Amino acid sequence: MAMELEYDRSLYGVEHKAGPFEITDAIIDRANSSVGETGPAFHSDEEAKKAGYRGRIAPPTLCCILVRQVSLPDVKVQFGRTQMHAGQRVEPKAPVYAGDQLTASSHLKDVYAKTGRSGTMVFVVWETTFSNQDGQVVAEVQESFAKRE
Amino acid sequence: MPYIDEIELGDEIGPVEKIASDEDVLNFCEIWDAPKPNRFTDPEIAAKAGMQGTIVPGIMTMAMMAQLLTDWGGPGAIKDLDLVFRQPVPHNRALTLAATITDIREEDGEHLVECDILMTGTEGERYVGGKAIVALESR
């Protein structure tokens, strides 16, 4: 039997905007150095141009990091005590260039319960669309948080 | 970078070995001004959250997984990377990243490769797993 979940359903259909986030060289440098990213197109205009880009690009998961700066409302799920970051998805749609100004628009996608060997968990899924200064969508990001009994 | 006709179902991407040091994690957390102290860099906060030590942020493990795929397929190759953070990832330990090709198809004129991707530990821990879709060039 499906569990009747209590949470703030009025959040559905509401877009939460954030930004602009300026994609500076310093941010890309830090994203590269912290994980040992050596991809040439992520390091310089010159190398990126050789790969067919108009300038230096950000690594494809940068929007997954920026999404942490979007403040999202409490979904008020009446379940569990501890919350963890359960998963993340990114679908890059267009290159993110150094110097871009990105804006984010997030909405609640789903809240659902799942019962497995370790008991029942409730998942809260947010979906965020990142667009650049020209209005072009550059990435879709999904974040999933799990609450456990 | 391989062409689409050079790969087969079951081919493996990687494995590569990575380590996230304390310093790497501190550096990574500065990208988005993570509120401090936090469970990624402070052992006491991590202990309060029930962790055995400070952990590597899920999004940092995601950046490593993406790197495995872009090193193989090129900087713009990733179409979709969908990961589940299965268990806390410790600092300063050997992490093995690898992907296995599960499907090769053409969709809207693009040559797509689907794979299962996994980050494991030295004791068989399955830290992060998921699926990825990568676009490759044809000749």
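The values are calculated or read from the model by the stated rules, or taken from the named source; none is laboratory data. Everything quoted here is computed from the prediction, not taken from an experiment. Note: ideal-geometry Cβ built from the backbone for every residue, glycine included; neighbour counts use all protein chains shown.
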Taking the stretch A:19-34 as the region of interest, how many residues are under 19 Å from the mean Cα position of the chain (by Cα), within 7 Å of chain B (Cβ to nearest Cβ) and surrounded by fewer than 19 Cβ atoms within 10 Å (Cβ to Cβ)?
-> 1
Considering only the stretch A:63-85, state which residues are touching a residue at least 60 places away in the same chain (Cβ under 8 Å) and under 18 Å from B:Ala34 (Cα atoms).
-> A:Cys63, A:Cys64, A:Leu66, A:Val67, A:Pro73, A:Gln83, A:Met84, A:His85
For residues in the stretch A:54-94 being facing another protein chain (nearest Cβ under 8 Å) and in a loop (DSSP other than H, G, I, E, B), which is nearest to B:Glu110 (Cα to Cα)?
-> A:Pro60
Exception for B:Asp5 within (1) without any contact (Cβ under 8 Å) to a residue 12 or more places away in the chain; (2) more than 15 Å from the chain's Cα centre (by Cα) falls at (1)
Does the stretch A:2-18 contain at least one residue that is at pLDDT 95 or above, surrounded by fewer than 16 Cβ atoms within 10 Å (Cβ to Cβ) and within 23 Å of B:Gly130 (Cβ to Cβ)?
-> no
Please find, within the stretch B:56-107, the residue that is surrounded by the fewest Cβ atoms within 10 Å (Cβ to Cβ) out of those that are within 8 Å of chain A (Cβ to nearest Cβ) and of a type in the set (Val, Ile, Thr).
-> B:Val84
Enumeration of residues in the stretch B:28-58 that are closer than 25 Å to A:Val141 by Cβ and without any contact (Cβ under 8 Å) to a residue 24 or more places away in the chain | B:Glu30, B:Ile31, B:Trp32, B:Asp33, B:Ala34, B:Pro35, B:Lys36, B:Asn38, B:Arg39, B:Phe40, B:Thr41, B:Ala49
For A:Glu37, work out the one condition from (1) free of Cβ contacts under 8 Å to residues at least 12 places away in the same chain; (2) within 7 Å of chain B (Cβ to nearest Cβ) it doesn't fulfil.
-> (1)
The stretch B:6-41, subset among the acidic types (Asp, Glu) and in contact with a His (Cβ under 9 Å, 6 or more places away or on another chain), residue nearest to A:Asp25 (Cα to Cα) | B:Asp24
For residues in the stretch A:14-33 being touching a strand residue (DSSP E or B) at 6+ places or on another chain (Cβ under 7 Å) and assigned to a loop (DSSP other than H, G, I, E, B), which is nearest to A:Ser131 (Cα to Cα)?
-> A:Ile23
Could you please find all residues in the stretch B:2-38 being more than 10 Å from chain A (Cβ to nearest Cβ) and modelled with pLDDT under 90?
-> B:Lys36, B:Pro37, B:Asn38
